[in-house]
Amino acid sequence: MPVIADTASWILLLSGSFFVLTGGIGVLRMPDVYTRSHAAGITDTLGALLIIAGLAIQSGLTLVTVKLVLILLFLLFTGPTASHALNHTAWADGLRPILDDAPDGRTDPDGTRD
């Protein structure tokens, strides 16, 4: 049984690390704040979920697992909230998303700002 738990834990840890790394690369490669925030918000939340699940399997049924679950709940609420706050502030400051079919890349296709 410990071999199965170790294998499951390592699979979760490695897949969570993959998602976090992919999100970091996405932040570097995306063109504007909205797509960067989306890349970071989605992959970091999923990566944290998988990493903490892997750590919880490694720790067994102890107080450490309870603390890991509390950390996970905190991350599940604060990650999307921070991403939304960042995007809302960018929009309120007048930063518009980059659109491929727009003439200058930042306006709507008809040339207006809103």
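If you build a Gaussian network model of the chain, linking Cα atoms that sit under 10 Å apart, which residue out of 22, 78, 62 swings the most?
62
Under Stokes-Einstein, with the Kirkwood radius over Cα pairs standing in for Rh, what whole-number D in µm²/s applies to the chain at 25 °C and 0.890 mPa s?
152 µm²/s
Against the longest principal axis of the chain, how steep is helix 2-29, in degrees 0 to 90 to the nearest 10, with axes from Cα atoms?
So the inclination is approximately 20 degrees.
Each value in this text was obtained by applying a stated rule to the coordinates, not by laboratory testing. These figures come from a predicted structure and were not determined experimentally.
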